[in-house]
Every structure is written in structure tokens, then in C-alpha cells.
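First up is the structure itself, then whatever we jot down about it.
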Amino acid sequence: MENDWNRKHIETLLSGDEETQEAFIHDFGPVIYTWMYYQVGADEQIAMELTSQIFGQAIRNISDFNPAEETLFAWLKQQARQTRDEGLGHRQMKPQRPWAWSQLPEDVLCGVSRLRSELLSEKIIDNPFIHEIIQATLAELEQADRELLIHRYNHLDTIENIAEETNSPVEDVQSQLYRSRHSFRRVFFQIISKANSGFSESNDTAEIEMLDMNLEKLLSTTTTYQALDETKIDSIRQCMLEAVQETERMRSERPSKKQYLPAAIAAALLILIAGLYLLTRKETIDTAPPVTTEEKTTIAETPTTKAESNDQEKTQSDIDEEELKLIFNLGQRGDVEALLEILKSGQFTSQRIAAVFLGKIADPTAIEPLQEAEEQWYPDSLNDNPFAEAIEQILLRFPDAVADANLIESEPEDTFITEKDSKEKSTTKTPNIAGIISDFSNQPIANIRVELTENLLFSRIKTGRNIASIQTNTKGQFQFPETYEGAVFLTGQGSGQEYVSITHSVWCGKDTICVVNIGGKPALSGTIVIDGAALANQRLFLSATLDISQASFRQEIVTDSNGNFSFLGVQAGIYYLMNRGLDNRIRRLAMIEMPQQETYNTNLNLETVMVSTNYPVEPNFTALTEAFLIYAMDASDDLGQIQGAIEKDGFVLFENVLPGSYVMRIGLDNGVWIQQDVEITDGPEDQVIEMSPIPAEITTLRGRLLNASPVDLFLTNANQQIHINIIPSADGFYELANIPTDVYSLATFVAGQLVEFTQIDLQDQIETTLDIDPAEMLQSFTPLYVVVADETGLILSGSQVWLNREGDIITTSSTGRGAFLAAPSGSYTLSVAHPGYPTQSQDVDLNSSSLLAEPNADNTILIQLGTK
């Protein structure tokens, strides 16, 4: 609650108290993230990046907050606005609302405008964009108003219960609720008006109960915030932790006259270095052996003069603050060599701090100097000291050598291993994912975050759940400390001006080691210009598939001010170059074929064109209603599409079309979609597409669905030229009137693949009746999920996959998630072909199942292609 955040709690927050930090994230994380989510046009990634920055900046500036002058939420909103403006300015964007809010139907807008005077219809209550606007509205309100509205209308607490819980008079709660309703209504209509020009709230009013009932309907059916999953919360925690470290470091650098100030500074730093190590007990510090009065030199070769032994204020423990700052910076940069020099020549406290960093980032070559330091300072203690702890951490990270991964061998001597080490080593699983991250010149990159995230393969659910994350060491190496089995996304991610994110889709075998090197050469670079203007400071994606969320390889970068780009670690193959538009959808810029060479440069000077078509509508088909250019028949919702303008004379115009392959979809007012693959060339400026005609005769198909269908059913003819959705009424009956006569397949899309159930000949009859049993159709096909990978476990896109039984061939192509096949139960030969690998075949048995059966051990096959 807002009142909980007084000066005392803020000081506790700045001290790094974990419980207080979690409370801070719990109280303000969801609402700040939701506010930012809609400010940036519902771009989840940008919203998360900026939200994390907000919380880090808030920790750095929170000493400026005055509870007597404003609420903490109002102060946080100000920090959020500043971060938003700076972040979007860097991305050359402006604060925006989702484009969909400007597309609300007129009847919805009309109904919403009468929020105070009429009961809202179910159509309005169920509208998902109205729910988004409610979330955005709540995120704008002061915390007291927001929490009261949520308790009253979302949790459906009575006013009496709220009064009792808050220990307030009922009259005060009623008065505050009146003000909260007014605040909500004002912001709610401001948001809608901003997205819909000319919209305004109706002046009609009714009893206050009308507004009360409508708010209850709206809020009780709405999730109040955009969800913050554990990955997002971890990102916020990390930014807060870094800010706390920075704040505490600045405090510790201030001069002080306390006798044991240096030890206190060291303790604060160590505690704040992400829990790297806790200082040993005070009595251990007090009994540490004295250091000789010899003159020592820091890593910067700056002499530090020792004071005389009888001066208690200038004893050995009085460490130079500049050296502390230097060591901290060396550790943050991952400079192992400099830290080893500190370990050899620094003072006692300096060596302790260096040991903490070395335990986290060094390889086994640091063990010997750590042992020497331990023998000097703790000759009678084998553990419970920072040097032994550092050795233990190094051994845990390097339990075995990976011979072919170019990783350092780490076979520790027996004298290094304590009883505790042996016990932990025996229970530690052998890591099976390792590799190196390199830059453009194949030089290793230190301190790059490497993440394993959940890959659900054939599911459309995108959890983004983080399985594990580590950082590369000073030699760019990473090695996960646990064994992982199954499909994962492996991502190396940097930050800052040279932002880059490289993701590989990997299938980890139980008893194999996946060596995945990220980045380095071969490299793909170039410049992109569209209609004479460089695509400057824009986020680009290079992906093995159009659906970047399921691509086996994808990379994300930001172009510079001249539109230059550079992608690393791009193997030979065909890729899509894409970027995210203002509508938050991915648009394809070009298709690039990467050759077998170390560096390939391609300069893309793209010119958009105008495309038109004059579809010859027959008299039996009345009018065109919609027209789109899309990338594929079953295009992802995340992919962009170009909507055409329909002229009165039947012409359809598509403006600003980039060259490439598309599917042109034209909708007729009887529910029929005409589809055709089209190729848009890079000239001339105006192009006319000739659409193939469809049969002029018409027929009618009617019937009913015997039970509810869990998939979207449709009719399609040869080459999917005609697409007709089957949409039943509430009682299951459907009618497709005035549709072209043709031979159709009753079909659906599953896992991106077209599945055809049965053929229906509608050529000779004026009317046909067909009752459909979806359950029976789904039971007639058995799914087979095939994942194709190379010998290292990297999943391959674009493989040819087919089933063969007595000359009957069922084909499909694999995507980044794998290949999906569906066939009647029985015995088949499964074959896989991929460029550069020999074709591989094996016998498979498909047991009776449902087409929608989830992937399991019986219906999922991993094919690893080898060069032998």
C-alpha cells in the first residue's frame, strides 16, 4: 500500500533488503509495466526493457522523493515518463496507444459513450480492446483510487467490507469511491478520445447505480494488469540490484573517520555484488595476520605508503578507497588478469574482494594463486574463507573438460578438494550445453548473458519461461552446470548501443554434449534504404523462418544512423530480413541467401511499389469487401499484412508494397475468399496483378456440426484458390450460400500444416446437405511430430520430411519448430532430406490417436542428421 512507503522503508529498500525489494516490485511492478506496455503500443519487449530501467532509475533517485509533497506512485510515474521519453527518443518513436483502439466498431463506441446512462451490452463487455483500455486506465490512476476500484468492482468487495479492512468510516469510503469513479471515467474517455477522433462521452446521465453497475461489469471481467511473468520480474530485480550496488558504492566512497571504515566498505561492497560472498565473521577479520610494512603497488602501479605499526588509525586494514573502487570496476568488467595481480600484490581486504570476483568469473588457472593467498592468510583453515570459496566455485563450474569445445580443462589436484567439495561434485550433473560467444573478428566476448528458455515446439503458447542463465567468462566461454534434455532456446544477449541478441533452437540429448558457438564469422552485413531513406536506428531481425518466435535461428540488432547492419554467426542458407512496424507487427523486408563465405555484404536499396488488381466479379457474386497481401496462407498474427483499398469500379489498390512473394486474399460479401500466390517485383512503380477466374456457377452447402469443433474448419479447392470458412450458429447449423461450384476439401490448419479430411464435389447440384462430425474426423488422423537437428543438436529449418506407404506419399516441410505430419494409423517409412546431409529413413508406426493429440514420447521423433 502507498502509506507503507515511508522514509524508513525507503532506507531499507536502499540497503538491499530482499523482502523490501520484493514488496516494492509487488506494489508497483504490474501497474508501471502495464502503463508502459500501452505507452509503447503494446510492444512487450520494449515495455519490459523500459520498465526495468524505470525501477533501476527509481532506486538511484529515490532519495529525491518527499512523501510530504507527493505520493510514491506519482513520483514513480514521473520517473516512468522520463525513461519513456528517453527510451523512445533513442528508438525514434513517439508515445503511442495500440492501433487497434482506433478500430473499435461504431456500435461499441456508441455504447461506451453512454457509460453513465445505459447498461452496457455483452458485445462491449466481451470486447478484448475495451479490456485493454480498462487496464491502461487503471494504470493511469493514483494508487488509492486504483486499489479501491479493484477491490470494489474486480474483487466485488462490499463498501462495508472495504471500510472494515481499511479501518475507515463507511461514509469516507463512499466519498472516496465517488471520486475514484470520476477519475476512472475521465481517464477512460480521454484514452478512447485520443484513439478515435470525434468521439466524446454522451451527456445523458442516469442514477449513480447505472455507472456503478457498468463499472462492475467492465472490471469484474477484466484482468487488471498485464501479466509480469518470472522472467520479467527477474529483469526488474537485476536492474534494482545494480542500482542498489551503484548507490551503496557511491555512499561507501564518501570519507569517514571510523576506525574500521575500510572493512565496512568492503563488507558493503561484497554484500551488494549480487550475493557473491558474505564477509567472514568479525573475529576472523580482527585476527587476520598483520601485513608487513613493505611498500606495495596497485594494478595501476600507484604506490601506497604503509603507516607505522603503532598508529591504530593507519593500520594495515585501512584500505585506500580508490583501490576499492578500482577492484570493483575490474570485477564488473571481468578483467581476470588484473584481479590476479591484485590477488598477488594487493592488501588483505583487496585480495578478499578480488577472490570473490575470481570465484565467479575465472577459470581453473586462478586456483593456484588463490591457494597461495589462502595459505598466507588462513594457514589453518581449509574453508570458511573467501579464497577457499572461490576455488570451490571454480571447481563447480568446471567439473569436467570438454575436449572439442575449446574449453579449458579443469582436473583439480586432490589437495584442492575438501570433503565438502567431493560431496557436491559427486551430486553435480555433467553440463551438456557449452560454447563460446565471439565478436565480428572471432574474438571472444566476456560477460555476455546466455539464457536457456522454454521451447514448446509445436505449441502456440509462448511462455518465455527462463530455465537458466549464466554469463560468459573472460574467454567468452559458457557452460551450463546442469543437464537439460529436450528442446530449448539458447540465447546470447548483449545490451547498450551495440545491442545484439542471437538465438539458436537446440534439442539437448540426455547423454550428449551440445557445443553451440554463438556469433563470430561468418558475418552478414550491409545497408538498407527504403524509398531513398536509410532505415536508421531500427530493430532488425534475421530469421530462418517468417515466424521469429519459432525460428531455429534468429538474430536481433539495431541499425545505425545510416541504416547499416551486421549479423554474426550466420551459416549458409536462406534467411528473412525483417523489422517491427508501428503496428507492432513484423514485416518482411527481403529474403537473403547467405553463401559459404566468412563475410558477405549486401546493400538493399528497396523501392516500394503500388499494386492493383481488377478482379472480374461475376454477377452471382455481389461485391468485394476486403483485400489483403499476406506472407502465407496460415500467417502468424504477429506478421504484418497490407490492406488494399477497394475502388467503386472494382479495382483494388495496395500502396507502399515492398518487393517479394505474397498471397493476395480478396474477400467477397458471401464469405468467400479468393486467394492467389503473387510475386511483386522491384519495378515498375505501378504493377497490375491478374487474378485467375473462379467458376461462375454457384451452389449452396448447408448442414450442421454434430458436435463443437476444436479447430477452424473451412472448404478449399485445388491450390487453395478458394477459401470458405464454416461458421456454425449456436445450434450447430451452418449455411454456405452462393458459393462457386467446384470440388472442395474439408480442411483445417494444425501446427502450420494444411490437413484435408474429405473431398466434397459441389459441381453438379444446386444444393447439398452435409452433416459434419468433427470428433470423428479428428480421430481418423494420427499426428507425427518430427524434429530435425544436426549432429550437435541444432534444430534445422526447411528440411524435406515425408511419409511413404505403398506408393502413397505424405509430404511436408519443416519449420523452425519441426515438421508436422498427419496420416491414418499404420506402418510407414519416414524420410528426411536436408542440403549438405545424406537422406535418412526409418520405419515408424502410427498408433490410433486424435489429430490434436499433444506431442509425447510415442508421436515425437528426433532425427539427427550426420555427415557420415
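The values are calculated or read from the model by the stated rules, or taken from the named source; none is laboratory data. All values derive from a computational prediction rather than experimental measurement. Don't worry about glycine lacking a Cβ; one is built from the backbone with ideal geometry, like all the others, and counts go over all protein chains shown. Just the protein is used for accessible areas: all its heavy atoms, side chains included, with ligands, DNA and RNA removed. Shrake-Rupley method; radii C 1.70, N 1.55, O 1.52, S 1.80 Å.
Exactly one condition in (1) out of contact with any Asp or Glu (no Cβ under 8 Å at 6 or more places or on another chain); (2) open to solvent by less than 10 Å² (accessible area, probe 1.4 Å); (3) at pLDDT 85 or above is not met by residue 449; state its number.
(2)
Could you identify the single residue in 118, 132, 49 that is modelled with pLDDT of 85 or more, among the acidic types (Asp, Glu), open to solvent by 20 Å² or more (accessible area, probe 1.4 Å) and not in a helix (DSSP H, G or I)?
118
Given the structure, is residue 32 over 23 Å from residue 145 (Cα atoms), assigned to a helix (DSSP H, G or I) and at pLDDT 85 or above?
It is false that residue 32 is over 23 Å from residue 145 (Cα atoms), assigned to a helix (DSSP H, G or I) and at pLDDT 85 or above.
From the set of residues in the range 14-24 that are open to solvent by 30 Å² or more (accessible area, probe 1.4 Å) and not in a loop (DSSP other than H, G, I, E, B), which is farthest from residue 249 (Cα to Cα)?
23
Can you tell me which residues in the range 631-664 are more than 16 Å from residue 546 (Cβ to Cβ) and without any contact (Cβ under 8 Å) to a residue 40 or more places away in the chain?
Answer for the range 631-664, where residues must be more than 16 Å from residue 546 (Cβ to Cβ) and without any contact (Cβ under 8 Å) to a residue 40 or more places away in the chain: 643, 644, 645, 646, 647, 648, 649, 650, 651.
Mind listing just one residue for me: the one in the range 179-189 that is over 10 Å from residue 211 (Cβ atoms) and at pLDDT below 85 and, of those, surrounded by the most Cβ atoms within 10 Å (Cβ to Cβ)?
Looking at the filtered set, the residue picked out is 183.
For every residue, the table says whether it meets (1) aromatic (Phe, Trp, Tyr); (2) open to solvent by 60 Å² or more (accessible area, probe 1.4 Å).
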position	(1), (2)
5	yes, no
27	no, no
72	no, no
78	no, yes
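What's the number of the only condition in (1) among the hydrophobic types (A, V, I, L, M, F, W, C); (2) open to solvent by less than 60 Å² (accessible area, probe 1.4 Å); (3) over 17 Å from residue 860 (Cα atoms) that residue 766 fails to meet?
(2)
Those residues that are within 18 Å of residue 588 (Cβ to Cβ) and touching a strand residue (DSSP E or B) at 6+ places or on another chain (Cβ under 7 Å), I need them from the range 528-544; list them, please.
528, 529, 530, 535, 538, 539, 540, 541, 542, 543, 544
Which of the residues spanning the range 547-586 are of a type outside the set (Gly, Ala, Ser), surrounded by fewer than 20 Cβ atoms within 10 Å (Cβ to Cβ) and within 19 Å of residue 788 (Cβ to Cβ)?
571, 574
For residue 728, indicate whether it is on the phi < 0 side of the Ramachandran plot, part of a loop (DSSP other than H, G, I, E, B) and open to solvent by 60 Å² or more (accessible area, probe 1.4 Å).
no
Could you please find all residues in the range 831-854 being under 21 Å from residue 778 (Cβ atoms), modelled with pLDDT of 90 or more and either of a type in the set (D, E, K, R) or assigned to a loop (DSSP other than H, G, I, E, B) (or both)?
845, 847, 848, 849, 850, 851, 852, 853
Would you mind finding the one in 274, 267 that is assigned to a helix (DSSP H, G or I) and at pLDDT below 50?
267
Within the range 841-861, how many residues turn out to be over 29 Å from the mean Cα position of the chain (by Cα) and closer than 18 Å to residue 507 by Cα?
1
Given the options 708, 747, name the one that is hydrophobic (A, V, I, L, M, F, W, C), in a strand (DSSP E or B) and touching a residue at least 24 places away in the same chain (Cβ under 8 Å).
747
Every residue, every condition in (1) within 16 Å of residue 764 (Cα to Cα); (2) of a type in the set (Asp, Glu), yes or no:
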{"residue": "702", "(1), (2)": "yes, no"}
{"residue": "710", "(1), (2)": "no, no"}
{"residue": "716", "(1), (2)": "no, no"}
{"residue": "722", "(1), (2)": "no, no"}
{"residue": "726", "(1), (2)": "no, no"}
{"residue": "735", "(1), (2)": "no, yes"}
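So which pairs qualify, if the first residue must be in the range 838-863 and touching a residue at least 24 places away in the same chain (Cβ under 8 Å), the second must be open to solvent by 70 Å² or more (accessible area, probe 1.4 Å), the Cβ gap must be under 7 Å, and the two must be at least 6 apart or on different chains?
Final answer for the pair search is 847/858; 850/779; 852/710.
Is it true that residue 8 is over 30 Å from residue 558 (Cα atoms) and basic (Lys, Arg)?
yes
So that you can scan it fast, the table gives a plain yes or no per residue for (1) under 28 Å from residue 129 (Cα atoms); (2) touching a helix residue (DSSP H, G or I) at 6+ places or on another chain (Cβ under 6 Å); (3) in a helix (DSSP H, G or I); (4) in contact (Cβ under 8 Å) with a residue 40 or more places away in the chain:
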| site | (1), (2), (3), (4) |
| --- | --- |
| 9 | no, no, yes, no |
| 12 | no, yes, yes, no |
| 26 | yes, no, yes, no |
| 37 | yes, yes, yes, yes |
| 61 | no, no, yes, no |
| 66 | no, no, no, no |
| 69 | no, no, no, no |
| 75 | no, no, yes, no |
| 88 | yes, no, yes, yes |
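For residue 797, state whether it is hydroxyl-bearing (Ser, Thr, Tyr) and under 25 Å from the mean Cα position of the chain (by Cα).
So residue 797 fits the description; yes.
Here's a check for you: in the range 325-370, which residue that is open to solvent by 20 Å² or more (accessible area, probe 1.4 Å) and either outside any helix (DSSP H, G or I) or touching a strand residue (DSSP E or B) at 6+ places or on another chain (Cβ under 6 Å) (or both) is nearest to residue 447 (Cα to Cα)?
Taking the candidates together, the pick is 335.
Scanning for something open to solvent by 60 Å² or more (accessible area, probe 1.4 Å) and on the phi > 0 side of the Ramachandran plot, does the range 627-649 turn up at least one residue?
Checking the range 627-649: not a single residue is open to solvent by 60 Å² or more (accessible area, probe 1.4 Å) and on the phi > 0 side of the Ramachandran plot.
Filtering the range 778-800 down to residues that are farther than 20 Å from residue 811 by Cα and not polar (S, T, N, Q), which residue is surrounded by the fewest Cβ atoms within 10 Å (Cβ to Cβ)?
My answer is 791.
Answer yes or no as to whether residue 742 is more than 15 Å from residue 699 (Cβ to Cβ) and either open to solvent by less than 40 Å² (accessible area, probe 1.4 Å) or touching a strand residue (DSSP E or B) at 6+ places or on another chain (Cβ under 8 Å) (or both).
no
Would a scan of the range 650-663 turn up a residue that is farther than 16 Å from residue 608 by Cα, in a loop (DSSP other than H, G, I, E, B), open to solvent by less than 40 Å² (accessible area, probe 1.4 Å) and out of contact with any Gly (no Cβ under 6 Å at 6 or more places or on another chain)?
Yes, the range 650-663 contains a residue that is farther than 16 Å from residue 608 by Cα, in a loop (DSSP other than H, G, I, E, B), open to solvent by less than 40 Å² (accessible area, probe 1.4 Å) and out of contact with any Gly (no Cβ under 6 Å at 6 or more places or on another chain).
Just for strands (runs of 3 or more DSSP E) wholly inside the range 511-618: which have at least 3 residues that are within 20 Å of the chain's Cα centre (by Cα)?
Per the criteria, 539-543, 553-558, 573-580, 586-594.
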